[in-house]
Amino acid sequence: MKISQRAQHIEPFYVMEVGKAASALAKKVAQSESPMIFLNIGEPDFTAPPLVQEAAVKAIHDGLTQYTPATGLPELRERISAWYGSHFGVAVPASRIVVTAGASAALQLACLALVDAGDEVLMSDPSYPCNRHFVSAADGKAVLIPTTAAERFQLSADKVLAAWGEKTRGVLLASPSNPTGTSIAPDELRRIHEVVSQRGGITLIDEIYLGLSHDETYGHTALALDDQLISINSFSKYFNMTGWRLGWMVVPEALVPVIERLAQNLFICPSTIAQYAALACFEPASLAEFERRRAEFKARRDYFIPALNALGLSVPVMPDGAFYAWADCSAACEKLGVNGSWDLAFELMNRAHVAVTPGRDFGHAETSHFIRFSTANSMAQLHNAIDRLKVLLA
């Protein structure tokens, strides 16, 4: 069977390969004194709060399970619009919001709508691997631009300008970013958008972790800049609805019919039950719970990253959002006699029963020197993980 060149160009999602190995080992050590601690997957350990779960059950009970408009339930679009106003102080008309089958579907729709074969899209290195693969799936080319800790592992306007070429279509940013948890400073984001706009390009920004910002300096949506950029968001991270597969995108008015046409053909509509459940995310009790959980994520960060630094797993930039620690593991590799973060991940898995994610997925800019920890786990588990790493790295 002949496999398409497009499919052959999509690399494996290595974090999932590591996860499979960790899950297999976890079964063997489940009853031991040190069962596996999973700090590898970027998924909140919290689930949807009670009102959301109850709304899903009610939708099923009431028979609200048939197709919705391809752009999503009108009332859900309205509630997302109101949330932008109350949470970020930004007016985003519901008419510009398209509800999607997760942020992944939103990114796919955006790339299919805007990227032609051979178009280049600039993004930071390191960055979330699936983002570049969405560009590749649209027959475009992701151009990874190396970034440094001094740059908070984010692109700058100067780097975007220097990398811009004849085939450049625009930029795909992420703020806060996976794997680093760092955001782009608002003034720098404005400058990047100006560089892109002046060249007739598109600014596409992944804001799925924006609700989990921990620093007032950075916790602002890019939608405040103007109505021509595209923002991708999700119910997975801040709203703790990962497996429900529900997200949204905010696009310029003129792009809505294009996105709608693509969505009609590719997805029909997002999950109807998930959409009715998501309406309850915006009830006061649910929003209060999400904020309580956000504070818990911050507390975990404030404990875990100093503890990593003390072990020589240096986190060069304190993340201002999300739930990740991007740690330089060079010293740990040398101490344990292993070659890079891929081998170290299996060393930690096998010897300490702590699953982490090697840097291999996230690009090529010295990513072999880094591992990503997810702090989306209980404080007790984080303490336990540090104790085990301390024994191994002492």
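The values are calculated or read from the model by the stated rules, or taken from the named source; none is laboratory data. Nothing here was measured: the structure is a model prediction, and the numbers come from that model. Glycine also receives a Cβ, built like all others from the backbone with ideal geometry; neighbour counts cover every protein chain displayed. These accessible areas exclude ligands, DNA and RNA; they are computed on the full protein's heavy atoms, side chains included. Shrake-Rupley method; radii C 1.70, N 1.55, O 1.52, S 1.80 Å.
Among the residues of the range 305-320, are any within 23 Å of R152 (Cα to Cα) and assigned to a strand (DSSP E or B)? Checked against the condition, which is being within 23 Å of R152 (Cα to Cα) and assigned to a strand (DSSP E or B), the range 305-320 yields at least one hit. Looking at the structure I just gave you, is S341 within 28 Å of A24 (Cα to Cα) and crowded, with 17+ Cβ neighbours inside 10 Å? For S341, the condition - within 28 Å of A24 (Cα to Cα) and crowded, with 17+ Cβ neighbours inside 10 Å - is met. Beta carbons closer than 9 Å, at least 6 apart along the sequence or on distinct chains, pair a first residue in the range 305-323 that is under 18 Å from D387 (Cβ atoms) with a second that is buried (at least 23 other Cβ atoms within 10 Å of the Cβ) and of a type in the set (S, T, N, Q) for I305/T375.
For the range 1-17, the criterion of a residue being touching a strand residue (DSSP E or B) at 6+ places or on another chain (Cβ under 8 Å), closer than 30 Å to L229 by Cα, open to solvent by 70 Å² or more (accessible area, probe 1.4 Å) and at pLDDT below 95 is satisfied by no position. Taken over the range 50-88, the criterion of being over 21 Å from I232 (Cβ atoms) and not in a helix (DSSP H, G or I) is satisfied by D62, G63, L64, T65, Q66, Y67. Selection over the range 89-126 of residues that are in a loop (DSSP other than H, G, I, E, B), closer than 24 Å to R6 by Cβ, open to solvent by 10 Å² or more (accessible area, probe 1.4 Å) and not hydrophobic (A, V, I, L, M, F, W, C) gives a count of 3. For the range 149-172, the tally of residues that are out of contact with any Ser or Thr (no Cβ under 7 Å at 6 or more places or on another chain) and touching a residue at least 40 places away in the same chain (Cβ under 8 Å) stands at 8.
Hey, among I41, I37, which residue is modelled with pLDDT under 90, under 23 Å from the mean Cα position of the chain (by Cα) and under 23 Å from G181 (Cα atoms)? Break it down stepwise before answering.
Details: I37 fails: modelled with pLDDT under 90.
After applying the criteria, what remains is I41.
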